[in-house]
Amino acid sequence: MSKRNKKERQEELITTLQKNPFMTDEELANKFQVSVQTIRLDRLEKSIPELRERIKSVAEQNYDEVRSLMEHEVIGEIIDLQLDKSAISILDIKEEHVFTRNKIARGHHLFAQANSLAVAVIDDNLALTASANIRFLRSVKMGERVIAKATVVEKEGERTKVKVDSYILDELVFSGNFTVYRS
């Protein structure tokens, strides 16, 4: 990526965060090949809130009430929920999610994030996973942020098919097709 002037960088920063408001200052600094401090100054000048505030803002705008689970039963933080349509959650991979030796996330955490999101998107008081077909596409490391996106694909009687894809930035790292039983 070639060096750009401050005005161009700030305009591209705004566009980038409109597409993916969940990027950290470190990820933005890496993308624009500048220091984290430069990104923070750019955000300040353009009145772009810090990550926590951007996440909260997205969540407040796009949030139905989870019906099928208690909120604390969802793995990750749901930031977008349109019942029986789509949902998005974020999971920051921390020390408790990884193998001690290599700092790679244990797969059951990625599965649990996707599975709980597939159940949470269901507009019913009772929803249980009937089956899942999953693929891990690359290992996830400590410090990475996993963004899971669930889409209801088909509703047929007591069964709903939900596709969940999990990303780090724009890279697909996990994909699953869930069949969810609903009462």
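Just to confirm a number: summing +1 for Lys and Arg and -1 for Asp and Glu over residues other than LYS149 whose beta-carbon lies under 10 angstrom from that of LYS149, what do you get?
Neighbourhood net charge equals -1.
So what's the back-of-envelope 222 nm ellipticity for the chain, counting only DSSP H runs of four-plus at -39500 (n - 2.57) apiece and dividing by all residues, rounded to 500?
The helix contribution divided over the chain gives -9500 deg cm²/dmol.
Taking the Cβ-Cβ separation of GLU158 and HIS72 as r and a Förster radius of 30 Å, what is the calculated FRET efficiency to the nearest 0.05?
For GLU158 and HIS72, the calculated efficiency is 0.70.
Taking each pair of distinct Cα atoms in region 73-117 once, what is the resulting Kirkwood hydrodynamic radius in Å?
For region 73-117, inverting the mean 1/r across all distinct Cα pairs yields 11.4 Å.
Taking all protein chains in place and a 1.4 Å probe, what share, in percent, of the accessible surface of the chain do carbon and sulfur account for?
Taking all protein chains in place, the chain shows 49 percent carbon and sulfur surface.
Using Cα springs under 10 Å in a Gaussian network model of the chain, which residue among HIS72, HIS109, HIS97 shows the largest mean-square fluctuation?
In the Gaussian network model the winner is HIS72.
Could you give the length gained on full extension between SER131 and ASP92, defined as 0.36 nm per residue of separation minus the Cα-Cα distance, in nm?
11.5 nm
So in the chain, what percent of DSSP beta bridges are antiparallel if you round to the nearest 5?
Approximately 100 percent, going by the DSSP bridge assignments.
Rounded to a whole number, what is D in µm²/s for the chain from Stokes-Einstein with the Kirkwood radius over alpha-carbon pairs (37 °C, 0.692 mPa s)?
188
Solvent-accessible area per residue for region 27-140 at a 1.4 Å probe radius, Å²?
I get 55 Å² per residue for region 27-140.
Would you pull out the residues with amide H under 5 Å of ILE122's amide H, same chain only if 5 or more places away, H placed 1.01 Å from N?
Those lying under 5 Å, H to H, from ILE122 are ASP84.
Which net charge results for the neighbourhood of SER183, defined as the other residues with beta-carbon distances under 13 angstrom from its beta-carbon, given Lys and Arg at +1 and Asp and Glu at -1?
Once positives and negatives cancel, what remains is 0.
Could you give each residue of region 108-114 its phi-based ³J(HN,Hα) in whole Hz, using Karplus coefficients 6.51, -1.76, 1.60 with θ = phi - 60°, and x for Gly or Pro?
Taking θ as phi minus 60°, the curve returns 5, 6, 5, 4, 4, 4, 5 Hz for region 108-114.
The values are calculated or read from the model by the stated rules, or taken from the named source; none is laboratory data. Please read all numbers here as calculations on a predicted model, not as lab measurements. A quick note on method: Cβ atoms are made from the backbone with ideal geometry, for glycine too, and the neighbour counts reach across all protein chains shown. Note: areas computed on protein heavy atoms with side chains; ligands, DNA, RNA excluded. Shrake-Rupley method; radii C 1.70, N 1.55, O 1.52, S 1.80 Å.
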